Structures are given as structure tokens and as C-alpha cells.
Amino acid sequence: MNSKQKSILKISIPILLSIIAIWYSFSIIPLEKLVNSFRQADYSWVLLGTFLGLLSHLSRAYRWRFQLEPMGYKIKLGNSIMAVFAAYLINYTIPRAGEVARASVLTNYEGIPFEKSFGTIVSERIADMIVMLGIIFFTLFLQFDFIFAKLSESISTYNIIITAVTSVIIILILTRIIQKGNSKIVLKIKSFLIGLLEGIFSIFKMKKKWLFIFHTLFIWSMYVLMFYVTSFSIPEISDIPFAAILIGFILASFSIAATNGGIGSYPLAIYAAFSVFNIPEDPSIAFGWIMWTSQTLMIMFFGGLSLLYLPFYNRKISKTNF
């Protein structure tokens with residue numbers, strides 16, 4: 001398979017998945033019911049959730065500057081904010097293209113080499129991944145008995161133990177192979193893991209590492225709060241357990257990687273999570289669509305504004321400096 005075919009697949013598969021996900025969600029809840037849920041929603045909670053989402057994105061833009069400062073670059077906050085919003089918007093077209101565009105903004109307007117700015121984006125994703133894993137482990141700890149009971153309903157305890165033991169053995173074998181192996185694939189894996197660890201520990205070498213950690217925790221706190229407060233907009237799910245919120249948030253976050261910006265997959269992920277708690281399907285999917293729509297509209301507005309204003313902003317700055 002050549003590079004052109006791979007590019008076509010990267011673009012077409014997420015689009016196809018989005019179409020299937022949208023069709024499936026509308027097969028569960030008719031469009032008329034969904035529209036009615038939108039009409040009856042309490043938009044004061046939706047607006048509050050959108051505002052919390054906005055705060056998380058602004059914090060991400062501010063945090064980015066801490067990573068660039070040790071390399072001798074002090075970027076303008078305006079460029080950082082607009083680069084972040086533009087990246088989110090572009091991710092709705094081609095998956096992961098936003099990260100490339102975000103690094104390119106700094107190359108074009110701040111003169112920072114592309115590989116350096118892109119490297120900081122990779123390292124910040126590592127920090128985000130660590131926090132996400134923390135949320136997952138916290139959820140498992142909080143609801144271990146419930147999750148174990150649900151698994152036991154469909155899988156016997158014996159099978160769970162066998163699966164766990166097998167997984168540990170496989171991990172130990174793979175670790176041994178990576179440690180001792182010298183093949184090209186093993187060396188690439190080694191290089192990736194070493195780079196991953198370097199990226200993690202580089203955070204602690206920053207001058208403003210504690211501010212970086214604070215903003216990382218703040219970003220994800222806003223994400224969870226955004227999800228939580230928006231749930232109050234739908235009366236049927238306003239009193240659901242917080243564990244359902246956490247599991248819904250985790251699955252919804254992963255769904256964003258499945259399709260462009262979570263189109264179609266986001267509401268289905270929430271529906272799948274809430275169904276575990278026997279929450280009715282109609283309000284679950286309606287909440288998913290309201291949640292996704294509110295955040296998408298916010299990204300479209302600020303992302304579009306950023307793409308349009310970036311050249312004018314930097315032209316104005318250049319004239320002022322001149």
C-alpha cells in the first residue's frame with residue numbers, strides 16, 4: 001500500500017465511521033425526539049459547561065508557553081490561543097492534522113522550528129495521557145465492586161482470573177523481548193518507550209514545572225466539570241451517579257479519536273457508558289448530542305475566528321514593533 005492510499009484511508013475511514021455512528025444513533029432515538037430534547041434542555045447549564053470548556057482550552061494555550069520557554073522562545077499569548085483553537089477546528093477535517101497546523105502557526109508567526117514546537121505538543125499529550133490514566137484508575141477504584149459485578153454477569157470469575165493472569169504473562173514476555181531483542185521493530189519500540197519516558201521526565205526539568213502540572217490538572221478538571229454540569233441540562237439524567245459521569249467522560253474522550261472530532265461516535269460512547277447504569281437510552285443519546293454540539297459550536301466559532309484573525313494580528317504586531 002503506497003502513501004497516497006494510506007492517506008485516503010486515513011481520511012475516508014473516520015468519515016465512514018461517522019456516517020455509521022450517526023445512522024445508528026438515529027435508529028435508537030428518532031430525530032423528532034432528539035429535536036424535542038434540544039428544545040426542552042436547560043441551556044443555562046449548557047452555557048456553563050461551554051464556558052468551562054473554554055477555560056480548559058485557554059489554560060492549554062497558556063501552559064504551552066511553559067514548554068517553549070526552556071528552549072529560549074517566549075511566544076505571544078494571542079498566537080498560542082489562536083493556534084490551539086485553530087488546531088481543534090482542523091481536527092474536524094483530517095484526524096491529527098490539527099497538531100501539525102498548530103506547530104506550523106508558531107513556525108510561520110513566531111519563527112520557531114517546526115520540529116521543536118511539534119515536540120512540545122507530543123510531550124504535552126504524554127502529560128494529558130498520564131492524567132487520563134489517573135482518571136481511569138480513580139474510576140476503577142471508585143466503582144471496582146460495581147464494574148467487577150457487571151463483568152461477572154457476562155464473564156465468569158474463572159475467565160476473569162485467567163484473562164488477568166494471561167495478560168500479566170504476556171506483558172512480562174513482551175518486556176523481556178524488548179529488553180533483549182535487537183530486531184528493527186524491537187529497536188523502534190525501545191526508541192519510542194525511551195522517548196516517552198524522556199518526555200515525561202522533561203516536564204520535571206522545567207523552571208515552571210509546578211505551574212505546568214497545575215494547568216494540566218486544571219485542564220482535565222474543567223473537562224470533567226464541563227461534562228458534569230452539562231448533564232443537568234437534561235432533567236431525566238440530572239441525578240445520575242458521578243461514577244456514570246466519569247465512565248461516560250472516559251468513553252466519550254476516546255471516541256474523539258475514532259472519528260473526526262467525535263462526530264457521531266461521541267453520543268454513542270455516552271449511550272454505551274450510561275446503559276451500564278440502566279439509564280434510559282433516549283436522554284443518554286440526547287445528552288451526548290447536546291454535549292457534542294455545544295462544544296463543537298464553541299470550537300467552530302473560536303477556531304474560525306482564529307484562522308481569520310491570525311494574519312491580521314501578527315501584521316498589527318509587526319507594524320507596532322517596526
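Any read-out appearing in this document is the output of simple, stated calculations on the displayed coordinates, not a laboratory observation. Remember, it's a predicted structure, so these values are computed and weren't measured experimentally. Methodologically, a virtual Cβ is constructed for each residue, glycine included, from the backbone with ideal geometry; neighbour enumeration extends over all protein chains shown.
Taking 7 Å along the Cα-to-C-beta vector as the label spot, tell me the LEU211-SER12 distance in nanometres, rounded to one decimal.
About 4.8 nm, to one decimal.
Assuming a ≥ b ≥ c are the square roots of the Cα gyration tensor eigenvalues, decide whether region 3-114 counts as rounded (a/c under 1.5), prolate (otherwise, with a/b larger than b/c) or oblate.
oblate
What is the spin-label model distance, in nm, from PHE242 to LEU31 if the labels are put 7 Å beyond Cα along the C-beta direction?
In this crude spin-label approximation the distance works out to 4.0 nm.
Contour minus end-to-end for MET129 and GLU281, with contour as 0.36 nm per residue of separation and end-to-end as the Cα-Cα distance? Walk me through the numbers on the way to the answer.
Values: separation 152, 0.36 × 152 = 54.72 nm, distance 2.96 nm.
Length difference between fully extended and current span is 51.8 nm.
So, counting K/R as plus one and D/E as minus one, what does the shell of residues with Cβ under 14 Å around TRP45 add up to?
Cβ neighbours under 14 Å give a net charge of -3.
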